[in-house]
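Below is one structure, written out as structure tokens; comments come after it.
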Amino acid sequence: MDRTKVYFVTGSQDLYGEETLRQVAANARAIVASLNQSGQLAAEIVWMPTVRNPQEIISAVRAANNDDDCIGIIAWMHTFSPAKMWINGLKLLQKPLLHFATQANRLLPWASIDMDFMNLNQAAHGDREFGYICTRLKIPRKVVAGYYEDPEALNEIRSWIQAAKGWREAQNLRVARIGDNMREVAVTEGNKVSAQIDLGFSVNTWGVGDVVKFINEVGDRETDALVQEYFDLYAVPDRGEEAMASIRDAARQELGLRAFLASTGAKALTTTFEDLHGLHQLPGLACQRLMADGFGFGAEGDWKGAAMLRIMKVMADNRRTSFMEDYTYHLESGRERVLGSHMLEVCPSIAAGKPSLEVHPLGIGGKAPPARLVFQSPPGPAVNVSLIDLGDRFRLLANQVETVEPDADLPELPVARTIWIPKPDFKNGVRRWIEAGGAHHAIYSQALTMENIADFARIAKIELVQIS
Ligand code: MN
């Protein structure tokens, strides 16, 4: 059961008297009820008693900090809440903050407006007082302005809640690195201590032999059952002896990897084709299936990619998000495109139809031909995201892309793929990504938007390069 909560904290002060404060609380409850009833938000919004003084503000912040189910605070200034009262509380805040610049009344009551109305509905200047102190304290927060029932305001809050869920996941995430980096590759390296300090997730290594031990313990009955599941879920065009031996081996790898990951508590993993001792094939199908279940994955030791994929899958509720690589260009003048793919490991959550389970030689790594799911992703908007280590800081890059249909069938291509045109256009999208140092690996999402990524970067306080 998802118990994710966001605290809705209303700022005021004692100056207004009991009657006004009763109305403030009632209005806040009405807004909270409306947000929850919208069905748009991936967390329960929890009404908190109005805060009227420094001690109540500190208490509300401490409650949010200490509640593991609480992913952030929405602050609303129904009335004027003098912001020096907020300083000591905000200095303690460890959860993401959204400032909702909204009002209980949508319309000015032109004919009846009087000073009572003016005293009750003071968000307009209460917002500015609160905003000033957040800016002065350098507190990153999302400011959403608009009536609380407006779809645009709801979308902005929804995006932030997704990012806040991703941030909570980052604080708890363990990445298991099976083997080290692909030899001589630069961008997949980086400082794991800095990553844990800045982003929360931990990255630790296991020898491939630790996984092989689990794979060797997999029994025939569970392997048979999993192969049957493959038959139910995927087209399997070649069921010959050789192909089936490879598919059965891949099923054992999947079961072994799942048991290994459960034993470590890791929700993300990396593999590398240069360290496969004791494995018969590079685990392609297994990693695709793990991604489909929400695990993060990075190939060739890419732990930053693995962590970001897990975080983004949590943000996207595991919809349509995959490990990806800019693989090859189509440079037809005026119709330039990128073909995105990987050697094997693309998540079937981005598949347009039923994936095809196939066995083909890899031509790299010197192992048996591996099983993999082959499919095409559907057209539509997507975002590519890359986390890189610049030595003194991390940088997040995000590029909006438009996924398009291929010009023709690709009958000889034995891997899953997607074809996109970067925004704002091929030349500038490619150029800016390269100039900003973006990796050849990316996280590709057809479920998340640039706003989600910007919200995450703001919460994480890391640099963001947006190419849109
Ligand atoms: Mn790669």
Sorted by Cβ density within 10 Å, fewest first, the residues Lys213, Lys192, Lys138: Lys138, Lys213, Lys192
When the convex hull of its Cα atoms is projected in every direction, mean area for the chain (nm²): 25.0 nm²
The stretch 14-134 - charge dipole about Cα centre, Lys and Arg +1 at Cβ, Asp and Glu -1, debye rounded to 20: 240 debye
Among 405-415, 221-231, 62-72, the order from most to least packed when residues are scored by Cβ within 10 Å on average: 62-72, 221-231, 405-415
Distance between the stretch 243-267 and the stretch 117-144 - C-alpha centres, whole angstrom: 52 Å
Using alpha-carbon coordinates, inclination of helix 123-136 to the longest axis of the chain, degrees: 60 degrees
The chain - percent relative contact order, Cα under 8 Å, separation 6 or more: 13 percent
Three principal axis lengths of the stretch 5-171 [C-alpha, angstrom, descending]: 51, 34, 25
Tilt relative to the chain, helix 303-315 - C-alpha long axis, 0 to 90 degrees, to 10: 50 degrees
Cα-based reach from Lys213 at 23 Å (exclusive), listing lysines while leaving out same-chain residues under 8 positions away: Lys267, Lys367
FRET E, pair Glu149, Arg62, Förster distance 30 Å, beta-carbon r, rounded to 0.05: 0.45
Net charge over other residues, Cβ less than 11 angstrom from the Cβ of Ala447 (K, R count +1; D, E count -1): +2
Peptides 259-266, 31-38 ordered by average Cβ neighbours within 10 Å, highest first: 31-38, 259-266
Relative contact order (%) - the stretch 5-171, alpha-carbon pairs under 8 angstrom, separation at least six: 27 percent
Gap separating the Cα centres of the stretch 71-103 and the stretch 164-180, nearest whole Å: 28 Å
Angle between the chain longest axis and helix 220-233 axis [Cα atoms, degrees, rounded to 10]: 70 degrees
Table column - 3J(HN,Hα) (Hz), the stretch 77-83, Karplus curve with 6.51, -1.76, 1.60, x for Gly and Pro: 9, 4, 10, 7, 10, x, 7
Cα lying deepest toward the dipole's positive end in the chain, options Leu331, Gly380, Gly366, charges on Cβ: Gly380
Whole-Å distance, taken between Cα centres, linking the stretch 376-418 and the stretch 428-468: 11 Å
Over 26 Å between alpha carbons, listed pairs Lys313/Lys461; Lys95/Lys138; Lys5/Lys313; Lys313/Lys427; Lys165/Lys304: Lys313/Lys427
Added length on full extension, which subtracts the Cα-Cα distance from 0.36 nm per residue, Ile364 to Arg3: 125.4 nm
The stretch 321-402: relative contact order in percent, alpha carbon pairs under 8 Å with at least 6 residues between: 20 percent
Residue-span extension gain [His125 to Asp238] - 0.36 nm each, minus C-alpha spacing: 33.8 nm
Rounded to the nearest 20 debye, dipole of the chain from Cβ charges on Lys, Arg, Asp, Glu: 1300 debye
Within the chain, percent of DSSP bridges classed antiparallel, to nearest 5: 50 percent
Fully extended contour minus Cα-Cα distance, from Glu412 to Ser333, at 0.36 nm per residue: 26.0 nm
Cβ-based net charge around Gly240, under 15 Å, with every Lys or Arg adding one and every Asp or Glu removing one: -3
Computed helical MRE - 222 nm, the chain, DSSP H runs ≥ 4 contributing -39500 (n - 2.57), nearest 500: -12000 deg cm²/dmol
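Read-outs throughout are calculated quantities, based only on the coordinates presented, and are distinct from any laboratory measurement. Given the structure is predicted, the values throughout are model-derived calculations rather than measurements. Glycine also receives a Cβ, built like all others from the backbone with ideal geometry; neighbour counts cover every protein chain displayed.
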